[in-house]
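In what follows, a single structure is set out as structure tokens and then discussed.
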Amino acid sequence: MSKVTIAGDVNGTGVFTIAAPNGNTNRTLTLPDEAGTIATTAFVTNRLIQNLNVTTGAVATGTAKFVLNDLVPQITQGVQYMQLAITPTSVTSRLEITATGNLSADVANFQILALFRDAVGDALGVVSLYNSQGGSTNILVLSHSMIAGTTSEIIFRVRMGGVNAGTDTFNGRTAGRLHGGKLASSITIKEYAA
């Protein structure tokens, strides 16, 4: 029969107590057959709690534009092509959002991808790329990190578009699909313990 030894540190002065919860069910705690330290939830920071993703290869077009200036892009600009919701498990959780979007314009154009939270007017983040040749498809990638601040559902929205007159194509070129629908855009949200 194996033995269990609890050995105190000879230099320590603290008292450690093992307490049972107020329960009526027998429980067994099985120790692993290896050396190491038992990790608690307080011990494990930056632990991945949730990993959500939406990926789409669907083609869509739009003509709504962004304004190229020194103001924060607004939720009324561009076209919403994707969204993904998360319900954080803690107000102190860190959320890492990555949005990847494929966009082409039929004219030379600045192409913009902006990330929004719920119906809040101001963008959380924005990336922009100048496409000097109409018809070229470019990929825009945005990463954003924030503290959840709530345990209620948060909807992250990705809006994209150009600044010059013309038609933009999401996940394609000149209103058509490319690569059999495998040219895909996505949003990934990861929740980490604080």
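Of all accessible surface on the chain at a 1.4 Å probe, what whole percent is carbon and sulfur?
53
Per the Kirkwood definition applied to all pairs of different Cα atoms, how many angstroms is the hydrodynamic radius of region 53-194?
Taking every pair of different Cα atoms in region 53-194, averaging 1/r and inverting gives 15.3 Å.
What's the Kirkwood radius of region 137-194 in Å, using all Cα pairs?
Kirkwood hydrodynamic radius for region 137-194: 14.6 Å.
For the chain, with the dipole built from +1 on Lys and Arg beta-carbon atoms and -1 on Asp and Glu ones, taken about the Cα centre, which of V15, G181, Q111 lies farthest toward the positive end?
Checking the options against the dipole of the chain, the answer is G181.
Using a cut-off of under 19 Å, list every residue of region 130-174 whose amide N is near the label point 7 Å from the Cα of A64 along the Cα-to-beta-carbon line.
Under 19 Å, as judged by backbone N against the label point of A64, lie 155-172 of region 130-174.
Under unit Cβ charges (Lys, Arg +1; Asp, Glu -1), what dipole magnitude, rounded to 20 debye, does the chain have relative to its Cα centre?
Its charge dipole is roughly 340 debye.
The values are calculated or read from the model by the stated rules, or taken from the named source; none is laboratory data. On a predicted model such as this, the values are computed, not experimentally measured, just so you know. Glycine gets a Cβ as well: all are built from the backbone with ideal geometry, and neighbour counts include every protein chain shown. Areas reflect the complete protein model, heavy atoms only, side chains present, ligands, DNA and RNA absent. Shrake-Rupley method; radii C 1.70, N 1.55, O 1.52, S 1.80 Å.
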